[in-house]
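Asks: Quick one: structure below, then a few questions.
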Amino acid sequence: MTKIVNHWIGGKTVEGASGTYGPVTDPATGAVTTNVAFATVDEVDAAVAAAKDAYATWGTSSLAKRSAILFKFRALLDANRDAIAELITAEHGKVHSDALGEVARGLEIVELACGITVQLKGELSTEVASRVDVSSIRQPLGVVAGITPFNFPAMVPMWMFPIAIACGNTFVLKPSEKDPSAAMKLAELFAEAGLPDGVFNVVHGDKVAVDRLLDHPDVKAVSFVGSTPIARYIHTTASANGKRVQALGGAKNHMLVLPDADLDAAADAAVSAAYGSAGERCMAISAVVAVGAIGDELVDKIRERAEKIKIGPGNDPTSEMGPLITAVHRDKVASYVTGAAAEGSEVVLDGSGFTVEGFEDGHWIGISLLDKVPTTAKAYQDEIFGPVLTVLRVDTYEEGLALINASPFGNGTAIFTRDGGAARRFQLEVEAGMVGVNVPIPVPVGYHSFGGWKDSLFGDHHIYGNDGTHFYTRGKVVTTRWPDPADGPSGVDLGFPRNH
């Protein structure tokens with residue numbers, strides 16, 4: 001019997017009323033295993049109303065209470081790592097170890113939220129004038145929303161809602177309709193931890209649900225992670241409706257390899273960063289820029305390693321890479337490889353026809369490696385979001401830097417070198433929000449913020465870390481004078497207030 005995933009509104013499961021459902025497939029078999037309810041405008045409104053009602057008390061609840069619930073939620077997440085990872089593998093397709101890593105990185109942000117009390121401390125200046133004090137405080141916004149992608153169905157939501165809720169907001173999550181079960185499990189665990197009804201809500205759906213969240217007058221802020229075209233739309237629409245927005249878009253992350261680099265380490269890094277999670281991550285390395293005469297040797301080393309990757313179902317412990325999320329996405333990724341030669345690239349590895357015996361209907365694609373790729377090729381210009389690595393050749397550091405900075409994307413980048421001076425120049429000169437020095441996937445730890453530049457970010461705030469706290473709160477400054485009991489009436493003074 002096909003599983004049904006419904007909404008989570010007001011602390012409980014609410015059956016979908018629209019009669020419209022979206023199919024969720026097992027990417028390893030291609031079989032539809034789940035139907036997810038798509039929300040109507042009225043159902044989104046119900047979730048926002050539940051969040052607004054809950055905010056009346058949650059927004060003024062003590063930091064001690066919030067922290068206690070978050071600590072319980074953290075313990076439940078830790079105890080349920082395997083169960084959450086199994087849901088991710090079943091609907092996304094990534095291997096179990098990769099899914100466990102996703103849960104661990106989400107858990108890191110929950111731990112950050114457990115200590116939110118330090119981030120919410122205000123400031124105080126005394127005696128700015130005679131018996132006048134000025135204090136600065138941060139307060140929650142109200143109802144906030146998150147719209148999250150399919151590639152990290154547990155981690156990316158946990159980049160948002162734990163901090164938002166710890167700051168005193170209430171939350172409505174619209175996860176990807178392609179793999180919705182992990183979000184529901186998180187909601188159940190949060191309720192088990194003692195979170196009051198309505199503080200965290202989950203609605204599933206498509207553009208109808210998204211647009212209502214962008215339009216709803218009671219939603220004060222929107223967080224988004226996904227493709228650049230949708231990020232731009234989210235930012236434009238929500239901002240026009242007076243909302244605060246952080247919209248993280250797509251990427252084309254480059255790895256610059258200098259002639260002095262350890263090529264074995266660089267090849268290991270390139271393979272891990274390009275093909276891990278089947279390339280379905282915005283921090284994947286999708287373009288290696290080889291400087292000088294090292295290109296041939298580096299490509300050989302990458303090919304040798306890539307050919308050994310074991311591809312299979314995510315629940316097989318021997319698998320190192322799983323299938324892609326849908327057949328449509330698989331076909332799109334394959335098209336970049338089958339059309340590469342005609343655009344001037346050298347096809348070193350072609351995974352477009354790969355399949356797994358016994359799982360022929362799965363959304364399979366093999367490892368692909370393209371060399372000597374021109375910057376005019378679609379495989380270079382587009383965010384492929386699959387296991388396709390492009391290699392470009394340049395003669396100098398300056399040429400490589402200019403190539404990277406010419407990209408419209410600016411999410412993450414990396415340099416591999418033994419030269420500290422070159423690395424220092426790169427981290428200052430490259431136009432990207434996250435930089436790795438001999439680190440291929442420079443995703444910041446939870447107490448630093450994640451975010452890109454250029455077409456990889458729309459809005460002023462990065463996600464989690466200090467930026468996350470600032471995004472989900474707003475500042476207020478209070479100037480106070482208390483009369484001394486010994487003072488008599490001071491009279492009226494129509495002049496500008498004096499601080500000296």
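The values are calculated or read from the model by the stated rules, or taken from the named source; none is laboratory data. Since this is a predicted model, take the numbers as computed values, not measurements. Positions of Cβ are generated from backbone atoms using ideal geometry, with glycine treated the same way; all protein chains shown enter the neighbour counts. Each accessible area value is taken on the protein alone, full model and side chains, heavy atoms only, with ligands, DNA and RNA left out. Shrake-Rupley method; radii C 1.70, N 1.55, O 1.52, S 1.80 Å.
Asks: Checking the condition touching a residue at least 40 places away in the same chain (Cβ under 8 Å), surrounded by 15 or more Cβ atoms within 10 Å (Cβ to Cβ) and not in a helix (DSSP H, G or I), which residue from VAL443, VAL435, VAL478 passes?
Replies: Numbers: VAL435 fails: touching a residue at least 40 places away in the same chain (Cβ under 8 Å); VAL478 fails: surrounded by 15 or more Cβ atoms within 10 Å (Cβ to Cβ).
Testing whether each residue is touching a residue at least 40 places away in the same chain (Cβ under 8 Å), surrounded by 15 or more Cβ atoms within 10 Å (Cβ to Cβ) and not in a helix (DSSP H, G or I) leaves just VAL443.
Asks: Please specify each residue of the range 18-47 satisfying the condition of being open to solvent by less than 50 Å² (accessible area, probe 1.4 Å) and farther than 22 Å from PRO153 by Cβ.
Replies: THR40, ASP45, ALA46
Asks: Something else now. Pairs under 7 Å by beta carbon, first residue outside the structural domain of PRO313 (by the TED database) and within 12 Å of LYS178 (Cα to Cα) in the range 85-101, partner aromatic (Phe, Trp, Tyr) and at pLDDT 95 or above, six or more apart or different chains?
Replies: Qualifying pairs under 7 Å: HIS92/PHE150.
Asks: A further question follows. Restricting to strands (runs of 3 or more DSSP E) lying wholly in the range 334-422: which have 3 or more residues that are buried (at least 23 other Cβ atoms within 10 Å of the Cβ) and in contact with a Phe, Trp or Tyr (Cβ under 8 Å, 6 or more places away or on another chain)?
Replies: On the way: elements: 346-349, 368-371, 388-394, 412-416.
The qualifying strands (runs of 3 or more DSSP E) are 388-394.
Asks: So, one more: Counting only residues that are farther than 12 Å from THR390 by Cα and of a type in the set (Val, Ile, Thr), which one in the range 278-300 is surrounded by the fewest Cβ atoms within 10 Å (Cβ to Cβ)?
Replies: Selected residue: ILE294.
Asks: Separate question: Provide a single number: the residues in the range 354-398 that are under 30 Å from the mean Cα position of the chain (by Cα) and basic (Lys, Arg).
Replies: Matching residues across the range 354-398 total 1.
Asks: Separate question: In this structure, is LYS178 under 25 Å from ALA31 (Cα atoms) and either outside the structural domain of THR89 (by the TED database) or open to solvent by 30 Å² or more (accessible area, probe 1.4 Å) (or both)?
Replies: Numbers: under 25 Å from ALA31 (Cα atoms): yes; either outside the structural domain of THR89 (by the TED database) or open to solvent by 30 Å² or more (accessible area, probe 1.4 Å) (or both): yes.
Yes.
Asks: So in the range 207-223, with the set limited to residues that are in contact (Cβ under 8 Å) with a residue 40 or more places away in the chain and under 19 Å from the mean Cα position of the chain (by Cα), which one is most open to solvent (accessible area, probe 1.4 Å)? Talk me through it step by step, then tell me what you get.
Replies: First pass over the range 207-223, keeping only residues in contact (Cβ under 8 Å) with a residue 40 or more places away in the chain: 208-210, 212-213, 216, 218-223.
Still in the list and also under 19 Å from the mean Cα position of the chain (by Cα): 210, 213, 221-223.
Details: VAL210: 21, LEU213: 0, ALA221: 0, VAL222: 0, SER223: 1 Å².
Restricting to residues being in contact (Cβ under 8 Å) with a residue 40 or more places away in the chain and under 19 Å from the mean Cα position of the chain (by Cα), the top hit is VAL210.
Asks: Could you tell me which residue of the range 301-315 is most open to solvent (accessible area, probe 1.4 Å), considering only residues that are of a type in the set (D, E, K, R) and in contact (Cβ under 8 Å) with a residue 60 or more places away in the chain? I'd like the intermediate steps shown before the answer.
Replies: Pass one, the range 301-315, residues of a type in the set (D, E, K, R): 301, 303-305, 307-308, 310.
From what's left, in contact (Cβ under 8 Å) with a residue 60 or more places away in the chain: 303, 307.
Details: ARG303: 66, GLU307: 108 Å².
Looking at the filtered set, the residue picked out is GLU307.
Asks: Do you know which residues across the range 104-129 are touching a residue at least 60 places away in the same chain (Cβ under 8 Å) and assigned to a loop (DSSP other than H, G, I, E, B)? Full working, then the answer.
Replies: Taking the range 104-129 as the starting set, the residues that turn out to be touching a residue at least 60 places away in the same chain (Cβ under 8 Å) are 105, 108-109, 111-112, 116, 119-120, 128-129.
LEU120 - this is the single residue of the range 104-129 that is touching a residue at least 60 places away in the same chain (Cβ under 8 Å) and assigned to a loop (DSSP other than H, G, I, E, B).
Asks: I've got another one for you. Can PHE409 be described as closer than 27 Å to ARG305 by Cβ, touching a residue at least 12 places away in the same chain (Cβ under 8 Å) and under 16 Å from the mean Cα position of the chain (by Cα)? First the steps, then the outcome.
Replies: Values: closer than 27 Å to ARG305 by Cβ: yes; touching a residue at least 12 places away in the same chain (Cβ under 8 Å): yes; under 16 Å from the mean Cα position of the chain (by Cα): yes.
Yes; evaluated as a whole, the condition is true for this residue.
Asks: Here's another thing I want to ask about it. Within the group ILE88, ILE137, ILE163, which residue is surrounded by fewer than 16 Cβ atoms within 10 Å (Cβ to Cβ) and either modelled with pLDDT of 95 or more or outside any loop (DSSP other than H, G, I, E, B) (or both)?
Replies: ILE137
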